[in-house]
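J.: Below: one structure in structure tokens.
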Amino acid sequence: MTNNPLFRRAAVAAGAVLVAVAEFALLRSVAGVDLAVRSGGSTRQVTMGAVIGATTVAALAGWALLAALHRFTNRAHVWWTAVAVVVLLLSLVVGPPSGVGGGAKATLALLHLSVGLILILGLPRPRPEGAER
């Protein structure tokens with residue numbers, strides 16, 4: 001494996017997308033969760049494409065913020081982690097409650113938590129010098 005931070009962060013972002021896709025697929029097909037959300041006065045289905053898109057946007061936005069912080073501060077990881085935790089908490093306040101039914105709410109909470117934790121734990125962590133795998 002490589003110590004290249006660009007490759008490692010791309011792998012973390014891709015991993016977050018894969019985990020979200022796997023959770024969505026399993027909960028939908030195995031558990032039979034109908035993932036629908038209320039938006040304004042209407043209800044709409046959450047699709048696999050929406051899960052992929054939202055996870056990709058979150059991962060790329062987090063990565064971009066981390067890169068920007070590295071340019072402006074020596075404490076980029078501390079600031080990034082603080083911002084990422086706040087964003088995750090806000091997403092939990094806004095996202096899951098919009099689900100239609102308990103299964104949808106629980107699924108949305110799981111998706112938000114798993115993607116958020118993967119990105120929070122994975123993106124900012126550089127590998128120690130000389131570390132193998």
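The values are calculated or read from the model by the stated rules, or taken from the named source; none is laboratory data. Just so it is clear, the structure is predicted and the values come from calculations on it, not from any experiment. Glycine gets a Cβ as well: all are built from the backbone with ideal geometry, and neighbour counts include every protein chain shown. The area values use the complete protein model at the heavy-atom level, side chains included, leaving out ligands, DNA and RNA. Shrake-Rupley method; radii C 1.70, N 1.55, O 1.52, S 1.80 Å.
J.: Looking at the range 39-47, is at least one residue surrounded by fewer than 17 Cβ atoms within 10 Å (Cβ to Cβ), part of a helix (DSSP H, G or I) and of a type outside the set (D, E, K, R)? Spell out the reasoning first.
T.: Of all residues in the range 39-47, those surrounded by fewer than 17 Cβ atoms within 10 Å (Cβ to Cβ) come to 39-45, 47.
In the following step, the residues that additionally are part of a helix (DSSP H, G or I) were identified as none.
No, that holds for no residue.
J.: So is T107 in contact with a Lys or Arg (Cβ under 9 Å, 6 or more places away or on another chain), touching a residue at least 24 places away in the same chain (Cβ under 8 Å), assigned to a helix (DSSP H, G or I) and not aliphatic (A, V, I, L, M) or not?
T.: Numbers: in contact with a Lys or Arg (Cβ under 9 Å, 6 or more places away or on another chain): yes; touching a residue at least 24 places away in the same chain (Cβ under 8 Å): yes; assigned to a helix (DSSP H, G or I): yes; not aliphatic (A, V, I, L, M): yes.
Yes; evaluated as a whole, the condition is true for this residue.
J.: Does A16 count as under 21 Å from K105 (Cα atoms), open to solvent by less than 30 Å² (accessible area, probe 1.4 Å), in a helix (DSSP H, G or I) and small (G, A, S)?
T.: Numbers: under 21 Å from K105 (Cα atoms): yes; open to solvent by less than 30 Å² (accessible area, probe 1.4 Å): yes; in a helix (DSSP H, G or I): yes; small (G, A, S): yes.
Yes: the conditions hold for A16.
J.: Continuing with the same structure: Which residues, counting only those in the range 53-70, are of a type in the set (A, V, I, L, M, F, W, C) and open to solvent by 70 Å² or more (accessible area, probe 1.4 Å)?
T.: Initial filter on the range 53-70 (of a type in the set (A, V, I, L, M, F, W, C)): 54, 57-61, 63-69.
Of everything in the range 53-70, those that are of a type in the set (A, V, I, L, M, F, W, C) and open to solvent by 70 Å² or more (accessible area, probe 1.4 Å) turn out to be V57, L60.
J.: Next question, about the same structure. If you scan the range 33-51, which residues turn out to be among the small types (G, A, S) and free of Cβ contacts under 8 Å to residues at least 40 places away in the same chain? Spell out how you get there, then give the answer.
T.: Let us first name the residues in the range 33-51 that are among the small types (G, A, S), namely 36, 39-42, 49-50.
Hits for the range 33-51 are G40, G41, S42, G49, A50.
J.: Would you say L123 is in contact with a Gly (Cβ under 8 Å, 6 or more places away or on another chain) and at pLDDT below 95? Explain how you work it out, then say what you get.
T.: On the way: in contact with a Gly (Cβ under 8 Å, 6 or more places away or on another chain): yes; at pLDDT below 95: yes.
Judged against the criteria, L123 is a match.
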